[in-house]
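The values are calculated or read from the model by the stated rules, or taken from the named source; none is laboratory data. The model shown is predicted, which means the values in this text are computed figures rather than measured ones. All Cβ positions, glycine included, derive from the backbone under ideal geometry; neighbour counts span all protein chains shown. All accessible areas refer to the heavy atoms of the entire protein, side chains included, with ligands and DNA or RNA removed. Shrake-Rupley method; radii C 1.70, N 1.55, O 1.52, S 1.80 Å.
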Amino acid sequence: MIIDVWAQHPTRRFMQHDMFDSLRRWTGTTAPLDELPVAATIATMDAAGVDVALISAWYGPEGALISNDEVAGFVAQAPGRLVGVAAVDLARPMSAVRELRRCVRDLGFAALRVVPWLWGWPPDDRRYYPLYAECVELGIPFCTQVGHTGPLRTSETGRPIPYLDNVALDFPELVIVAGHVGYPWTNEMIAVAHKHQNVYIDTSAYTVTRFPSELVAHLKGDHHKVLFGTNYPMISAAKALEGLDELKLSESSAQLFLHGHAERIFGVSVAR
């Protein structure tokens with residue numbers, strides 16, 4: 001059983017955005033001309049044995065690149081396989097809180113994600129704090145990005161210390177899932193996860209063969225705090241999972257990584 005905790009079913013405007021030019025240069029790909037059908041995302045999941053993917057909306061200062069209602073529409077086409085993750089307008093905190101409430105209560109979304117480098121504001125900025133309180137009240141996790149950015153935007157907002165450490169201190173009840181492993185501050189990210197009961201790491205944007213050695217060492221413990229993610233469509237699940245057997249994880253560690261943490265944190269159930 002596998003749950004992908006960081007994916008997108010992309011819109012064309014998302015994939016064609018010029019901030020992803022650097023990623024396309026690295027991967028040798030071009031922006032698609034047509035919208036991607038949901039069936040294509042499900043087929044990619046099936047090819048790697050992924051049971052469920054959490055797909056996120058994307059909202060930045062210029063507006064929605066993938067709207068919450070679009071995500072809800074994608075989820076409706078693949079019930080039980082796709083789960084929605086909300087995004088909101090961080091510059092309008094009260095509207096953002098109301099939108100998050102709508103996404104969870106009316107649309108059935110399982111989490112909130114904010115990508116700090118889109119805004120240029122680190123996670124301990126005051127604009128986030130009403131959302132953190134609402135996440136606690138709604139009983140959902142806050143998902144974010146840590147580490148350097150692939151797109152040509154600032155990486156400063158991705159430092160685990162002091163930014164995420166400050167948030168976890170101020171909101172000990174808030175469950176935080178930090179994606180993209182935190183490189184080159186991976187040791188800092190692991191330290192923050194060790195320090196705070198409700199802080200976790202996901203491996204999105206990294207293939208197994210590119211995991212930093214300190215993350216691999218942490219993963220091999222039976223009490224690690226790491227979840228599997230892809231950052232699809234930038235990386236497919238099949239590519240992300242290549243080499244997993246070579247890590248020689250214990251059965252309990254592998255189960256936590258591939259689905260155990262995600263089932264508990266996101267409340268995702270997988271039909272067996």
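When the range 165-202 is examined, which residues are found to be of a type in the set (S, T, N, Q), farther than 17 Å from residue 264 by Cα and in contact with a helix residue (DSSP H, G or I) (Cβ under 9 Å, 6 or more places away or on another chain)?
186, 187
Determine the pairs where a residue that is farther than 18 Å from residue 5 by Cβ, located within the range 39-54, has a partner that is at pLDDT 95 or above and surrounded by fewer than 24 Cβ atoms within 10 Å (Cβ to Cβ) with Cβ atoms under 7 Å apart, the partner being 6 or more residues away or on another chain.
Every condition considered, the pairs that remain are 47/238.
Filter the helices (runs of 4 or more DSSP H) completely within the range 211-272 down to those with at least 1 residues that are among the acidic types (Asp, Glu), touching a residue at least 40 places away in the same chain (Cβ under 8 Å) and open to solvent by 40 Å² or more (accessible area, probe 1.4 Å). Steps first, answer last, please.
Details: elements: 213-219, 237-241, 251-255, 261-266.
It comes to 261-266.
May I ask you to verify whether residue 202 is buried (at least 22 other Cβ atoms within 10 Å of the Cβ) and of a type in the set (D, E, K, R)?
So residue 202 fits the description; yes.
Being acidic (Asp, Glu), assigned to a helix (DSSP H, G or I) and closer than 26 Å to residue 109 by Cα, is that true of even one residue in the range 186-195?
Taking the range 186-195 and keeping what is acidic (Asp, Glu), we get 188.
Right, trim to assigned to a helix (DSSP H, G or I) and you get 188.
Cutting the leftovers down to closer than 26 Å to residue 109 by Cα gives us none.
The answer is no, given that none of the residues of the range 186-195 is acidic (Asp, Glu), assigned to a helix (DSSP H, G or I) and closer than 26 Å to residue 109 by Cα.
Identify, by number, the condition in (1) within 16 Å of residue 146 (Cα to Cα); (2) hydroxyl-bearing (Ser, Thr, Tyr); (3) in a loop (DSSP other than H, G, I, E, B) that residue 163 doesn't meet.
(3)
For the range 162-184, indicate whether the set of residues that are open to solvent by less than 30 Å² (accessible area, probe 1.4 Å), over 15 Å from residue 200 (Cα atoms) and touching a strand residue (DSSP E or B) at 6+ places or on another chain (Cβ under 6 Å) is non-empty.
For the range 162-184, residues open to solvent by less than 30 Å² (accessible area, probe 1.4 Å), over 15 Å from residue 200 (Cα atoms) and touching a strand residue (DSSP E or B) at 6+ places or on another chain (Cβ under 6 Å): absent.
Which residue pairs have Cβ atoms closer than 6 Å, lie 6 or more positions apart in sequence or on different chains, and pair a first residue in the range 96-117 that is under 15 Å from residue 136 (Cα atoms) with a second residue that is part of a strand (DSSP E or B) and of a type in the set (D, E, K, R)?
The qualifying pairs do not exist here.
Look at residue 240 and say whether it is under 25 Å from residue 78 (Cβ atoms) and of a type in the set (A, V, I, L, M).
Yes; evaluated as a whole, the condition is true for this residue.
With the structure loaded, tell me whether residue 96 is surrounded by 14 or more Cβ atoms within 10 Å (Cβ to Cβ), in contact with a strand residue (DSSP E or B) (Cβ under 8 Å, 6 or more places away or on another chain), more than 27 Å from residue 255 (Cβ to Cβ) and among the small types (Gly, Ala, Ser) or whether it fails that test.
Criteria not met by residue 96.
Quick one: which residue in 139, 84, 158, 120 is within 27 Å of residue 219 (Cα to Cα) and open to solvent by 10 Å² or more (accessible area, probe 1.4 Å)?
139
Mind listing whichever residues of the range 105-142 are in contact with a Leu (Cβ under 8 Å, 6 or more places away or on another chain) and of a type in the set (Ser, Thr, Tyr)?
If the condition is that a residue be in contact with a Leu (Cβ under 8 Å, 6 or more places away or on another chain) and of a type in the set (Ser, Thr, Tyr), then 128, 132 are the ones that fit.
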